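Undergrad: Here's a structure for you.
The values are calculated or read from the model by the stated rules, or taken from the named source; none is laboratory data. All figures in this text were calculated on a predicted structure; none of them were measured in a lab. Glycine also receives a Cβ, built like all others from the backbone with ideal geometry; neighbour counts cover every protein chain displayed.
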Amino acid sequence: MGALIENAGCFPGSSVYQNLMMQCINLGIENADEEICRVLEIVRMEDNANLKFKSCSLGMKQRIGIAMALLGDPALLILDEPINGLDTDGMRIMREILVDITKKYGCTVLISSHILGELEKIATHYGIIRQGRMIMELSAKEMDARAQVFTTLKAKDIESVAWVLSKKYADVRLMDGTIQIFDEDDTAAIVAYLIENGHVPSEIKRNKVGLEEYYIELMSKKEEE
């Protein structure tokens with residue numbers, strides 16, 4: 001098992017290679033040089049082995065931490081907030097690396113994170129914890145099946161449009177200057193109905209409730225109970 005808890009514990013003045021070598025010594029890894037090359041390739045830092053840790057960007061430091069956790073070829077990798085604080089490109093690279101670790105190297109990755117939108121792009125299974133207890137566990141396919149579809153639209157005189165829609169659709173909501181129609185994604189039928197009633201939407205699109213919305217809804221239900 002390998003683990004990275006928030007940040008890599010490295011010596012700032014030592015190089016990436018030196019920090020990994022010290023960890024190899026701690027773990028008693030015999031083929032240290034070969035193992036360091038292997039993990040650096042996985043995290044896409046094979047060209048930065050001689051760079052001092054203090055000179056690395058936040059994203060690079062997180063990747064070095066993952067490389068350290070991968071030393072010894074663990075079957076399970078536990079990561080706590082591996083994408084916290086990263087910019088958009090850093091998140092993309094981290095996602096690709098984590099997917100590679102599971103698909104190419106057969107390692108199971110367990111991630112603890114509050115950035116649910118990013119987890120939704122890579123996770124195959126979810127475990128939702130509240131106050132130290134697992135209250136829900138489901139696969140990505142199950143999550144997708146539970147996700148509620150809805151249509152979002154904008155129009156002039158939005159309150160009148162919402163009233164017109166509420167006569168035909170059961171769940172119509174006004175939110176942040178838009179109208180949301182739940183359990184309905186036939187945009188053509190919605191537009192046709194509005195035109196028949198003297199309204200033309202300026203914008204309309206299909207949506208689906210994501211992991212973050214599902215999580216918030218689940219938390220609110222548990223609090224009510």
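Undergrad: If Glu137 meets every condition in (1) charged (D, E, K, R); (2) part of a loop (DSSP other than H, G, I, E, B); (3) touching a Gly at 6+ places or on another chain (Cβ under 7 Å) apart from one, which number is that one?
TA: Just one mismatch for Glu137, condition (2).
Undergrad: Something else about it: With the checklist (1) free of Cβ contacts under 8 Å to residues at least 24 places away in the same chain; (2) touching a Phe, Trp or Tyr at 6+ places or on another chain (Cβ under 7 Å) in hand, flag the one item Glu184 doesn't pass.
TA: Unmet for Glu184, out of (1) free of Cβ contacts under 8 Å to residues at least 24 places away in the same chain; (2) touching a Phe, Trp or Tyr at 6+ places or on another chain (Cβ under 7 Å): (1).
Undergrad: So the check is Cβ under 8 Å with 6+ separation or different chains; which pairs have a first residue in the range 8-25 that's under 18 Å from Pro82 (Cβ atoms) and a second one that's polar (S, T, N, Q) and not in a helix (DSSP H, G or I)?
TA: Val16/Asn48; Val16/Asn50
Undergrad: Further question: Are there any pairs with C-beta distances below 6 angstrom linking a residue in the range 134-145 that is basic (Lys, Arg) to a residue that is modelled with pLDDT under 85, with the two at least 6 apart or on different chains, and if so which?
TA: Partner pairs satisfying both residue conditions: none exist.
Undergrad: If you take the residues in the range 72-85 that are among the aliphatic types (A, V, I, L, M) and surrounded by fewer than 20 Cβ atoms within 10 Å (Cβ to Cβ), which one is farthest from Glu6 (Cα to Cα)? Can you show your working first?
TA: Quick first cut of the range 72-85, residues among the aliphatic types (A, V, I, L, M) only: 75-79, 83.
Filter once more, keeping what is surrounded by fewer than 20 Cβ atoms within 10 Å (Cβ to Cβ): 75-76, 78.
Working: Ala75: 20, Leu76: 17, Ile78: 11 Å.
Ranking the candidates gives Ala75 first.
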